[in-house]
Amino acid sequence: MLLSPFIVNVKWYAVLLNVVMERLSTGVESLDRILEGGIPRGFFVAVTGEPGTGKTILCISFIAKGIEERDKCIYVTTEESRKSIIVQASQFGIDLQDAIDRKALVIIDALMGQEDQWSLKSLELEDLVEKILEAKRYLGYGRARLVVDSMSAFWLDKPAMARRYSYYLKKVLSKWDFTVLATSQYAISTSQAFGWGLEHVADGIIRFRRALRGGKLRRYLIIEKMRQTEHSLNLHQIDIVKGRGLVILGPVEARKEDVTLPKDVVSKIKKAIEKAESEIP
Ligand SMILES: Nc1ncnc2c1ncn2[C@@H]1O[C@H](COP(=O)(O)OP(=O)(O)OP(=O)(O)O)[C@@H](O)[C@H]1O
Ligand SMILES: [Mg+2]
């Protein structure tokens with residue numbers, strides 16, 4: 001009895017907190033809807049999944065929305081060139097070059113071979129942080145969005161460092177008003193991440209998946225984690241539509257077997273990898 005006013009107060013406090021919590025739109029309306037409006041400001045979100053599932057396209061949408069909302073936007077690209085990101089975005093009606101020219105966006109290119117102010121000279125984490133902060137100072141004060149696509153590139157030769165690196169990046173960036181999307185890749189063969197750790201450190205996980213059904217590639221998305229958010233727990237089928245970008249088609253009643261390889265196949269692949277690794281002198 002005595003406790004009930006306290007419980008009511010706690011409930012109202014929770015409601016209020018949700019109302020005042022600022023969320024950043026992902027740029028994909030249907031995704032915002034299953035995220036209570038978007039990603040909480042300041043969050044560090046892991047975007048994971050196999051190749052070709054839509055991670056980069058989501059990152060581009062997030063940045064495009066940021067440009068529209070006059071956020072300071074930084075996109076770090078490690079596997080595709082700056083030009084490739086600009087071309088990809090243009091296919092969805094997004095003009096990134098214009099944003100660069102207006103000093104609303106910096107694309108940091110880690111693909112070696114090209115040297116200018118916004119190219120990364122190495123895949124060392126300290127260099128990455130330094131470049132991101134240089135870009136933030138260049139863009140000026142204010143709410144900022146950052147994409148690191150992908151983080152895997154920074155620990156490919158040392159996957160055990162994934163967690164420590166992710167923690168370091170999150171800690172340093174938290175002081176700079178960034179809301180971050182950081183991608184990491186999963187191998188098609190085993191659906192295993194290249195280095196565990198990003199997922200544990202992240203405030204949220206948006207997981208992309210793929211499956212072949214009736215000879216056709218289907219793509220899916222599930223919110224595996226989003227702290228402080230009552231998000232959908234469903235697997236959703238998605239599509240990438242010319243001229244529009246990422247679209248959520250709707251929730252699916254998929255069984256685990258629908259999106260993973262059979263257990264014995266995974267086990268065979270794992271054994272083959274272990275054998276190959278044990279033969280390394
Ligand atoms: N203009 C377009 N129209 C329709 N679909 C497109 C278009 N451009 C790209 N796609 C689809 O998007 C896929 C690539 O998605 P995306 O680059 O986001 O994948 P990813 O998850 O980032 O992969 P990776 O891990 O290899 O970087 C392509 O394989 C293609 O199916
Ligand atoms: Mg990509």
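The values are calculated or read from the model by the stated rules, or taken from the named source; none is laboratory data. None of these values were measured; they are calculated from a predicted model. With ideal geometry, Cβ positions are generated from the backbone for all residues, glycine too; neighbour counts draw on all protein chains shown.
Data for the structure
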{"quantity": "Residue that is closer than 24 Å to LEU133 by Cα, buried (at least 21 other Cβ atoms within 10 Å of the Cβ) and among the acidic types (Asp, Glu), where the choices are ASP98, ASP71", "calculated": "ASP71"}
{"quantity": "Within the stretch 142-157, tally of residues that are away from ligand 1 (no atom under 16 Å from the Cβ) and either among the aliphatic types (A, V, I, L, M) or touching a residue at least 24 places away in the same chain (Cβ under 8 Å) (or both)", "calculated": "5"}
{"quantity": "Matching residues in the stretch 197-225 - criterion: being in a loop (DSSP other than H, G, I, E, B) and more than 18 Å from ALA153 (Cα to Cα)", "calculated": "ASP203, GLY214, GLY215"}
{"quantity": "Within the stretch 65-93, considering residues that are part of a helix (DSSP H, G or I), away from ligand 1 (no atom under 12 Å from the Cβ) and more than 15 Å from the chain's Cα centre (by Cα), the one farthest from TYR165 (Cα to Cα)", "calculated": "GLU68"}
{"quantity": "Pick from the stretch 83-95, criterion of a type in the set (A, V, I, L, M) and out of contact with any strand residue (DSSP E or B) (no Cβ under 7 Å at 6 or more places or on another chain), ranking: surrounded by the fewest Cβ atoms within 10 Å (Cβ to Cβ)", "calculated": "VAL87"}
{"quantity": "In the stretch 19-48, residue modelled with the highest pLDDT [restricted to those that are farther than 23 Å from GLN185 by Cβ and polar (S, T, N, Q)]", "calculated": "SER25"}
{"quantity": "Subset of the stretch 160-175 (residues that are surrounded by fewer than 15 Cβ atoms within 10 Å (Cβ to Cβ) and not small (Gly, Ala, Ser))", "calculated": "ARG164, LYS171, LYS175"}
{"quantity": "Residues being at negative phi and within 16 Å of ligand 1 (Cβ to nearest atom) - total across the stretch 39-64", "calculated": "17"}
{"quantity": "Pair list, Cβ < 6 Å and 6+ apart or interchain, from the stretch 45-64 residues that are under 19 Å from SER25 (Cβ atoms) and among the hydrophobic types (A, V, I, L, M, F, W, C) to residues that are assigned to a helix (DSSP H, G or I) and near ligand 1 (Cβ under 6 Å from one of its atoms)", "calculated": "VAL47/LYS55"}
{"quantity": "Of all residues making up the stretch 117-149, the number that are within 20 Å of TYR165 (Cα to Cα) and assigned to a strand (DSSP E or B)", "calculated": "5"}
{"quantity": "Residue list for the stretch 94-116, restricted to those being in a loop (DSSP other than H, G, I, E, B) and at pLDDT 95 or above", "calculated": "ILE94, ASP95, ARG102, LYS103, ALA104"}
{"quantity": "Given (1) modelled with pLDDT of 75 or more; (2) surrounded by 12 or more Cβ atoms within 10 Å (Cβ to Cβ); (3) not aromatic (Phe, Trp, Tyr), number of the condition VAL266 does not satisfy", "calculated": "(1)"}
